[in-house]
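To keep things clear, I will list the structure first and then write my remarks on it.
The values are calculated or read from the model by the stated rules, or taken from the named source; none is laboratory data. In this text, all values refer to a predicted model and were calculated from it rather than measured experimentally. Cβ: placed from backbone, ideal geometry, glycine included. Neighbour counts: every protein chain shown. Accessible surface is based on the protein model in full, side chains and every heavy atom, while ligands, DNA and RNA are left aside. Shrake-Rupley method; radii C 1.70, N 1.55, O 1.52, S 1.80 Å.
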Amino acid sequence: AFSALLVGVYRGKKLHYTGKIGTGFSDKLQKEMMKQFAALVRSTNPFDEEPDVNKPSRFRPNPPHAEVTWLKPALVCEVSYTEMTTDGVMRHPSFEGMRIDKKASQVKEEKAMAVTKAAVKKTAKKSPPKKKAKGTPRKAAGPTSTKTGRAGSLLKKAAKAERKTLLNPADASQERTVNGEKLKFSNLDKIYWPKEKYTKRDMLNYYYKVAPYMLPYLKDRPQSLNRYPNGINGPSFYQKDVKGKVPEWIRTFPYRSEDEARDKEFLVASNEASLLYMASLGAIEINPWSSTIRKPDQPDWCIIDLDPDTNTFEKVIETARVTKEVLDAIKVDCYVKTSGSTGIHIYIPLGAKYTYEQSKEFARAIVTIVQSQLPGFTSIERATKLRKGKIYLDFLQNRPQATLAAPYSVRPKPGATVSAPLDWDEVKKGLKLKDFTIFNMPDRLAGIGDIFKPVLGKGINMKTAIKNIESVFEV
DNA sequence: ACATAGC
DNA sequence: GCTATGTCAGGTGCT
DNA sequence: AGCACC
Ligand SMILES: [Mn+2]
Ligand SMILES: [Mn+2]
């Protein structure tokens, strides 16, 4: 298979590079295309200038190494994209299909058109095959947004442009209606990140932009609020019980704590308005349960939380890779994200089919194997004193009421970092937590979409997985 | 943000 | 009446 | 029962 297509258009006699397409083709279609490509392989670059296929982009800061296979520029395909960047390549390109009706030599740059026609571009091409990665670099934002509309039903899945901004840069206090609820945002000029001078407004605008991608991981889940009303260097506090303290449209989930004989209520996220409401309270971090109120004791995912303590992030990356190998060996799907702070989170989809207890014990089995393979710098001891500074393979977050920073959650850390879902091919030397922030995550999402989505899928078969553990690892 | 204690 | 201060977690593994 | 930990 190939990871991306390099395409271009003719300027006079010269074929000019216009970008790399990494999405929009199915596995089946890819197979057919590869057959077609076989006869067109050539040894030299057909473009006027050779593109750098390994150039990092803003949303793939550390792309997997790609090798190019050049093709004769004989084939034409259709591509949707949101605009041309200042570097002259397509922004958020997505493959829309081959065009057997067009000759390669006819493919010219399209002019900006009215909103009714063509977000479409025809191009001749060649391709850089690679294993299975999905790379799609591009660079820097254009200064204006060249409006390219959608050509109706022709485009099934055009790359989405970033959502527009929620709050204006001028007023310190603003009201907006979201999901039919009037939300008041105040203290918008308050500096939440002093070193960078990022404000509460910056954070709220971020949450608004990513809300559609983030909501599935929050909806119907009780929340543990961790509030920083005066920014990341100010005092913070936890808030779980919101009974009588939130507007009536905010959903809640009743509970009783062990010691206190008082009725309490968790806040439950239900829509964008509730996400923005939490953020407006200074909840920089969003910390949802792993289960929903529909099945409060049955988590949708199992978490393996890698906490580095004194170790380098390189070692955490190595630990994540070993964890992935162990899970691959027993045929268990898993997905990975940066914590946004110092560690890495690995999620295994459970489909709300098992209890927290089962999830925890499954995680324990996995991390026990990982620890035995990396005894030098990992630990599963709960007591920090016994860990001796090793990476903690934390499986104990798989219990009722425990939370972790959600996918795409902002963290109260320098740089306004966010928890960033990753492709496994990005989890390698060179990965940096600080590469993912409130300012570049919306672009990455528009480009590659929510790659964490399978976490909410059908879920693994734990019985089969445990059987595989027994046979593969002889435990 | 809000309740209560203290001046 | 005004300002200062306090409060806004909690279950669990373990000793 | 109390503490440490997340
Ligand atoms: Mn962690
Ligand atoms: Mn942890």
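Is it true that residue A:316 is farther than 27 Å from residue A:235 by Cα, touching a residue at least 40 places away in the same chain (Cβ under 8 Å), crowded, with 24+ Cβ neighbours inside 10 Å and of a type outside the set (Gly, Ala, Ser)? Yes: the conditions hold for residue A:316. Kindly evaluate residue A:208 against the criterion of being outside the structural domain of residue A:401 (by TED's automatic domain parsing), of a type in the set (Ser, Thr, Tyr), closer than 20 Å to residue A:290 by Cα and outside any strand (DSSP E or B). No; evaluated as a whole, the condition is false for this residue.
Among the listed residues A:429, A:434, A:413, identify the single one that is outside any loop (DSSP other than H, G, I, E, B), open to solvent by 40 Å² or more (accessible area, probe 1.4 Å) and modelled with pLDDT of 95 or more.
None of the others qualify; the one that does is A:434.
Among the residues of region A:380-389, some residue qualifies, meaning at least one is touching a helix residue (DSSP H, G or I) at 6+ places or on another chain (Cβ under 7 Å), open to solvent by 20 Å² or more (accessible area, probe 1.4 Å) and within 16 Å of DNA strand C (Cβ to nearest atom). Of all residues in region A:361-383, those that are within 16 Å of ligand 2 (Cβ to nearest atom) and in contact with a strand residue (DSSP E or B) (Cβ under 8 Å, 6 or more places away or on another chain) total 9. Tell me, please, whether a residue that is open to solvent by less than 10 Å² (accessible area, probe 1.4 Å), more than 22 Å from residue A:450 (Cα to Cα) and among the hydrophobic types (A, V, I, L, M, F, W, C) can be found in region A:19-32. No: region A:19-32 contains no residue that is open to solvent by less than 10 Å² (accessible area, probe 1.4 Å), more than 22 Å from residue A:450 (Cα to Cα) and among the hydrophobic types (A, V, I, L, M, F, W, C).
Tell me, please, whether a residue that is in a helix (DSSP H, G or I), within 16 Å of ligand 1 (Cβ to nearest atom) and out of contact with any helix residue (DSSP H, G or I) (no Cβ under 6 Å at 6 or more places or on another chain) can be found in region A:225-236. No - not one qualifying residue is present in region A:225-236.
Residues of region A:208-224 that are crowded, with 22+ Cβ neighbours inside 10 Å and closer than 12 Å to residue A:269 by Cα: A:214, A:217, A:218, A:221, A:222, A:223.
Among the conditions (1) under 21 Å from the mean Cα position of the chain (by Cα); (2) of a type in the set (Gly, Ala, Ser); (3) at pLDDT below 95, residue A:269 misses just one, which is (3). For region A:283-295, filtered to residues that are surrounded by fewer than 23 Cβ atoms within 10 Å (Cβ to Cβ) and not β-branched (Val, Ile, Thr), the residue that is nearest to the chain's Cα centre (by Cα) is A:287.
The residues listed here are A:309, A:259, A:241; of these, the one that is in a loop (DSSP other than H, G, I, E, B) and more than 16 Å from DNA strand D (Cβ to nearest atom) is A:241. Within region A:396-410, the set of residues being open to solvent by 10 Å² or more (accessible area, probe 1.4 Å) and within 15 Å of ligand 2 (Cβ to nearest atom) comprises A:396, A:397, A:399, A:401, A:403, A:404.
Listed residues A:289, A:249; which is touching a residue at least 24 places away in the same chain (Cβ under 8 Å), within 16 Å of ligand 2 (Cβ to nearest atom) and hydrophobic (A, V, I, L, M, F, W, C)? Break it down into steps so the answer makes sense when it comes.
On the way: A:249 fails: within 16 Å of ligand 2 (Cβ to nearest atom).
None of the others qualify; the one that does is A:289.
Within region A:397-410, does at least one residue satisfy the condition of being within 15 Å of ligand 1 (Cβ to nearest atom) and not in a loop (DSSP other than H, G, I, E, B)? The answer is no; no qualifying residue exists.
Residues to consider are A:400, A:407; find the one that is of a type outside the set (Asp, Glu), touching a strand residue (DSSP E or B) at 6+ places or on another chain (Cβ under 7 Å) and modelled with pLDDT of 95 or more.
Just a single option satisfies the conditions, and that option is A:407.
Residue check: residue A:108 meets all listed conditions (1) surrounded by fewer than 16 Cβ atoms within 10 Å (Cβ to Cβ); (2) out of contact with any strand residue (DSSP E or B) (no Cβ under 7 Å at 6 or more places or on another chain) but one, namely (2). Scanning region A:319-340 for residues that are part of a loop (DSSP other than H, G, I, E, B) and open to solvent by 20 Å² or more (accessible area, probe 1.4 Å) yields A:331, A:333. Residues in region A:21-57 that are in contact with a Lys or Arg (Cβ under 7 Å, 6 or more places away or on another chain) and either among the basic types (Lys, Arg) or farther than 28 Å from residue A:109 by Cβ (or both): 1 in all.
Among residues of region A:456-475 being touching a helix residue (DSSP H, G or I) at 6+ places or on another chain (Cβ under 8 Å) and assigned to a helix (DSSP H, G or I), the one that is surrounded by the fewest Cβ atoms within 10 Å (Cβ to Cβ) is A:472.
Only one of the numbered conditions (1) open to solvent by 20 Å² or more (accessible area, probe 1.4 Å); (2) in contact with an Asp or Glu (Cβ under 9 Å, 6 or more places away or on another chain); (3) closer than 20 Å to residue A:10 by Cβ is violated by residue A:90, and that is (1).
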